[in-house]
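What follows is one structure encoded as structure tokens, with my remarks underneath.
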Amino acid sequence: MPPSVEGVVPAHRTGKPHLLSLAEMLLLGVAVLALGLYGGDWAIFQLRGMPRSSVTVERYLVVPLKGKKTEYDDEGQRSVPCARALFPQGAWSPCWYLRRHPIQADKL
């Protein structure tokens, strides 16, 4: 039998709220929800036969110059393949994201 220590009260008997365990449970719940959403999106993407589309975007090349100046070179419009999903799948960005961000800049 272990020796008893007088004056020591176990943490679960103090009546104080367990903020750390509450925060841990909330963080765990958010992580499980995020993984579940991504996993579900991936499963539906695979079951639908990896549906892809393409979106036309305007591309620019950002070139740094001397004196902290920047030059923007127009590369024209380009058709970019995209995934019809909520999240990026494989090498493809979601189509909804590319439609909302039709101007893309690549840094040199």
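Within region 38-88, the set of residues being among the basic types (Lys, Arg) and on the phi < 0 side of the Ramachandran plot comprises ARG48, ARG52, ARG59, LYS66, LYS69, ARG78, ARG84. Restricting attention to region 60-97 and to residues that are part of a strand (DSSP E or B) and of a type in the set (Phe, Trp, Tyr), the residue that is nearest to PHE45 (Cα to Cα) turns out to be TRP92.
Just to be sure I understand, how many residues within region 64-95 are basic (Lys, Arg) and loosely packed, with under 12 Cβ neighbours inside 10 Å? Count: 3.
Which one is modelled with the highest pLDDT among residues in region 4-19 that are aliphatic (A, V, I, L, M) and part of a helix (DSSP H, G or I)? Outline the logic, then answer.
Initially, region 4-19 is screened for residues aliphatic (A, V, I, L, M), giving 5, 8-9, 11, 19.
With part of a helix (DSSP H, G or I) added as a condition, the list becomes 11, 19.
Details: ALA11: 55, LEU19: 65.
Among those that are aliphatic (A, V, I, L, M) and part of a helix (DSSP H, G or I), it is LEU19.
Pairs linking a residue in region 20-49 that is part of a helix (DSSP H, G or I) to a residue that is surrounded by 10 or more Cβ atoms within 10 Å (Cβ to Cβ), with Cβ atoms under 6 Å and 6 or more positions apart or on different chains, are TYR38/PHE87; ASP41/ALA85; ASP41/LEU86; ASP41/PHE87; PHE45/ALA85; PHE45/GLN89.
The values are calculated or read from the model by the stated rules, or taken from the named source; none is laboratory data. The shown structure was predicted, so the numbers you read here are calculated from the model rather than taken from an experiment. All Cβ positions, even for glycine, are placed from backbone atoms using ideal geometry, and neighbour counts span all protein chains on display.
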